[in-house]
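Okay, so here's the structure we're looking at.
All of the numbers you see were taken from the coordinates with simple rules; none came from a lab. Predicted model only: the values in this text are computed from it and were never measured. Glycine gets a Cβ as well: all are built from the backbone with ideal geometry, and neighbour counts include every protein chain shown.
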Amino acid sequence: MPELPEVETALRGVSPYVLGKRVREVIVRDKRLRWPVLDTIHELEGCRIETGTRRAKYLLFGTAKGTLLLHLGMSGNLRVLPAETPFKKHDHLAITLEGGKQLRLHDPRRFGAALWIEGDPMDHPLLKDLGPEPLGDGFTAEHLQAACKGKTAAIKQVIMDAHVVVGVGNIYASEALFMAGINPRQAAGKVTKPKLGKLVKAIREVLAASIEMGGTTLRDFLNESGEPGYFKLTLRVYDRAGEPCRVCKTPIKRIVQGQRSTFFCPTCQK
DNA sequence: AAAACTACCTGAGTGC
DNA sequence: TGCACTCAGGTAGTTT
């Protein structure tokens, strides 16, 4: 599910309801997420949530005492509901706020995470070695060129490596490579400089456009108001194997790279 | 150092 | 209806 646009959409959706609110109670209904949810999560109780930010696909809710880090994994979503709303299966974490609302983490596959961090969250092992934000100033053509230099790994694998740039998931990796006219199997070190420049631009554009539209929806993602996003309607190659390329009509191909599906147009992406 | 692979988990869809 | 199978948006951690 959540690629970066969905995570950003979730953050924007819940922020108005949680920012400035004090946490009454943290309810752990199932601690078996990617890592066991520790009892330290209850340190959040009594704290006022002062900030809501995102780093890569991690959500950070800051208080004076520490930071709540959430990750939505493959199948997670956040909802804000009246605290008395019956729990659904897979509602693993619930944070009751002053005023009677509750922030809930729902995650069928349980690849998500919930951690309590004291001190600067950017020093946390999960965050300290991450590459630049794709929509930030640090993600430049020069940066990507330096990261690709001499690499034999496929360009798709490289742009999905969080040490190179964060937030480029499986859908948008395929989409951006199509937009830049790059074959996903090409060795990163062999992609020309101008193409890498185009790729930076494509990654920024596709992510920004999807955030604008409220995130792509596949399967179980619902945005904060319960309405699905509509970006899937405009996907260029992802999940379109056998269908005609929107530019040249060549059938879109599906291959497997690093145990993940890749979609591309053999004509437009040389 | 870099690349390849493993592990974690449920649910939807397909074919018989 | 049921069973067996494949596939799915992520990524830390391990092995080669």
Classified through the alpha carbon gyration tensor (a ≥ b ≥ c as square roots of its eigenvalues; rounded if a/c is under 1.5, else prolate when a/b is larger than b/c, else oblate), region A:44-191 comes out prolate
Order by neighbour count: A:166, A:80, fewest other Cβ atoms within 10 Å first, most last. A:80, A:166
Relative contact order of chain A: what whole-number percent is it, with Cα pairs under 8 angstrom and at least 6 residues apart? 18
Taking K and R as +1 and D and E as -1, what net charge do the other residues with C-beta under 11 Å from the C-beta of residue A:63 add up to? 0
Mind checking the angle between helix A:170-180 and chain A's longest principal axis? C-alpha axes, 0 to 90 degrees, to the nearest 10. 40
Highest GNM mean-square fluctuation, chain A, Cα pairs closer than 10 Å: which of A:248, A:47, A:148? A:248
So what is the 222 nm mean residue ellipticity for chain A from helices alone, if each DSSP H run of at least 4 adds -39500 (n - 2.57) and you divide by all residues, rounding to the nearest 500 deg cm²/dmol? -7000 deg cm²/dmol
Longest segment of chain A lacking GluC sites (Glu not before Pro) that sit in a DSSP loop with at most 14 other Cβ atoms within 10 Å: A:119-270
Compute for chain A: radius of gyration divided by Kirkwood radius, i.e. Rg/Rh, restricted to C-alpha atoms, rounded to two decimals. 1.00
